[in-house]
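J.: Would you mind keeping the following structure in view while I ask a few things?
The values are calculated or read from the model by the stated rules, or taken from the named source; none is laboratory data. These numbers come from a predicted model, not from an experiment. Note that we place each Cβ from the backbone using ideal geometry, even for glycine, and neighbour counts take in every protein chain shown.
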Amino acid sequence: MNQAVAATAAAASDLVDALATCHAQPLWDRYHRVTRRLPAAADAPWQWRWTDMEPLIGRACAEVSMEDAERRVLLLTHPAFAGAVATTTNLSSGLQTLLPGEVARPHRHALQAIRYVMEGAGAVTSVNDHRCAMEVGDLVLTPAWTWHEHIHPGSGRVVWFDGLDLPLCTQLDSMFFEIATPGAVAVEALPTRSASLRSDAVPLAPDACDAALAGASRYRFSGERAREALRRAPARADGSRLLRYVDGVSAGAVLPTLDCYLMGLAAGQATRRCRSTSNAVCVVASGSGRSVVADTVIAWTANDVFTLPHWNWISHTATSQDAVIFMMTDRELMACMGYLREEESEP
Ligand code: 1HN
């Protein structure tokens, strides 16, 4: 190093130190670290196999009573997030179980949540006192600040997938939580504002969209209707079919932060590779297959849960007939923020 360069470097470091005493930093020496050229998800794609989780659900039912648990949920927490309740960026999820006769008392929170039923029937989620039946394949919405309670007057265990925007809400420090007291007043959720269109997906409205914007029909999508709509949906160029669950009024995403889809795959035909700045958690509704996520291959079967972290090239292939995947994404959130970027590779 010549003398002039050394003097400049010393002055620069002196300036950095002086800035630091005032809790300031130079942008010029760290510009490319601050403005990265590409997203790089912290989490690798991950899978929670039903064969691993099912025995743990059995143990939780035997060892944890609803007297001791606000909710009997096994949280699916990715190791990359160091113990935080996150399944992938912006999204958390869990497997919740209710036994016959049990009640998970009413509460409400700032979190937006969805419930996708994986096993059983006969349970009910009350959303602001509107009773939504829960059977395999049903989707129930519990929008931010709606009272919700889970009860099981039926028989047999009911297991469902809980999906929430917990990492986002935590990051924004916008969490509120309340337990219901008798006479608690309910506030119905506002319709969503739709930012992102999806011309390749068939929209699936809730069970009914009544004018008063209330009632269980607004918060529930029956699995039977979804399956039927998926069968009728036109196949895309790669043979797959895509349904988008939509808000009954806006026809946009079901919730401001959670955007849900049902995808049917044609056996043996790989879907077109695509990548997106949005993240997804997938629940295998039926069948089996494999998904290639960047360099990782995930072999999946019914009730497995796996993630599609953002900005990885993704393709799915069914190895059985009737392979259907439920997907919870943050696509609408990203679109609202102006951060949604999506690409498809040539076929
Ligand atoms: C929650 O309130 C429920 O209300 C389910 O059923 C899962 C995961 C994290 C935080 C709150 C529920 C949850 C949750």
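J.: Looking at Ala121, Ala144, Ala110, which one is away from the ligand (no atom under 11 Å from the Cβ) and closer than 24 Å to Val249 by Cα?
T.: Ala144
J.: Further question on the same structure: Name, by its number, the condition in (1) of a type outside the set (D, E, K, R); (2) buried (at least 22 other Cβ atoms within 10 Å of the Cβ); (3) part of a strand (DSSP E or B) that does not hold for Val297.
T.: If we test Val297 against (1) of a type outside the set (D, E, K, R); (2) buried (at least 22 other Cβ atoms within 10 Å of the Cβ); (3) part of a strand (DSSP E or B), just (2) comes out false.
J.: Show the residue pairs that are 6+ apart or on different chains and have beta-carbon atoms under 7 Å apart, the first residue being within region 249-265 and free of Cβ contacts under 8 Å to residues at least 12 places away in the same chain, the second being buried (at least 24 other Cβ atoms within 10 Å of the Cβ) and not in a loop (DSSP other than H, G, I, E, B).
T.: none
J.: Tell me which residues, restricted to region 74-107, are away from the ligand (no atom under 11 Å from the Cβ), part of a strand (DSSP E or B) and touching a Leu at 6+ places or on another chain (Cβ under 6 Å).
T.: Selection gives nothing.
J.: I need the full set of residues from region 1-27 which are part of a loop (DSSP other than H, G, I, E, B) and at pLDDT 95 or above, in order please.
T.: Cys22, His23, Ala24, Gln25, Pro26, Leu27
J.: Can you find, within region 164-194, the residue that is farthest from the ligand (Cβ to nearest atom) among those that are in contact with an Asp or Glu (Cβ under 8 Å, 6 or more places away or on another chain) and closer than 20 Å to Leu76 by Cα?
T.: Restricting to residues being in contact with an Asp or Glu (Cβ under 8 Å, 6 or more places away or on another chain) and closer than 20 Å to Leu76 by Cα, the top hit is Leu168.
J.: Moving on. Examine region 120-134 for a residue that is crowded, with 22+ Cβ neighbours inside 10 Å, of a type in the set (Gly, Ala, Ser) and closer than 22 Å to Ala208 by Cβ, and state whether such a residue exists.
T.: Yes.
J.: A further question follows. Quick one: which strands (runs of 3 or more DSSP E) sit completely within region 155-209 and have at least 2 residues that are aliphatic (A, V, I, L, M) and in contact (Cβ under 8 Å) with a residue 24 or more places away in the chain?
T.: 158-164, 202-204
J.: Further question on the same structure: Yes or no: Thr307 more than 18 Å from the chain's Cα centre (by Cα) and of a type in the set (Val, Ile, Thr)?
T.: Considered against the rule, which asks whether it is more than 18 Å from the chain's Cα centre (by Cα) and of a type in the set (Val, Ile, Thr), Thr307 comes out as no.
J.: Could I ask something else about it? Out of all the residues in region 27-61, which are more than 20 Å from Val283 (Cβ to Cβ) and in contact with a helix residue (DSSP H, G or I) (Cβ under 6 Å, 6 or more places away or on another chain)?
T.: Passing the criteria: only Ala42.
J.: Going through Leu76, Leu19 one at a time, which residue ends up being surrounded by 10 or more Cβ atoms within 10 Å (Cβ to Cβ) and either charged (D, E, K, R) or more than 21 Å from the chain's Cα centre (by Cα) (or both)?
T.: Step by step, each of Leu76, Leu19 is checked, and only Leu19 is surrounded by 10 or more Cβ atoms within 10 Å (Cβ to Cβ) and either charged (D, E, K, R) or more than 21 Å from the chain's Cα centre (by Cα) (or both).
J.: Test Ser250 against the criterion of being out of contact with any His (no Cβ under 8 Å at 6 or more places or on another chain) and more than 23 Å from Ala208 (Cα to Cα), and give yes or no.
T.: Criteria not met by Ser250.
J.: Just one of (1) out of contact with any Phe, Trp or Tyr (no Cβ under 7 Å at 6 or more places or on another chain); (2) surrounded by 15 or more Cβ atoms within 10 Å (Cβ to Cβ) trips up Arg115, so point out which.
T.: Looking at each condition in turn, Arg115 falls short on (1).
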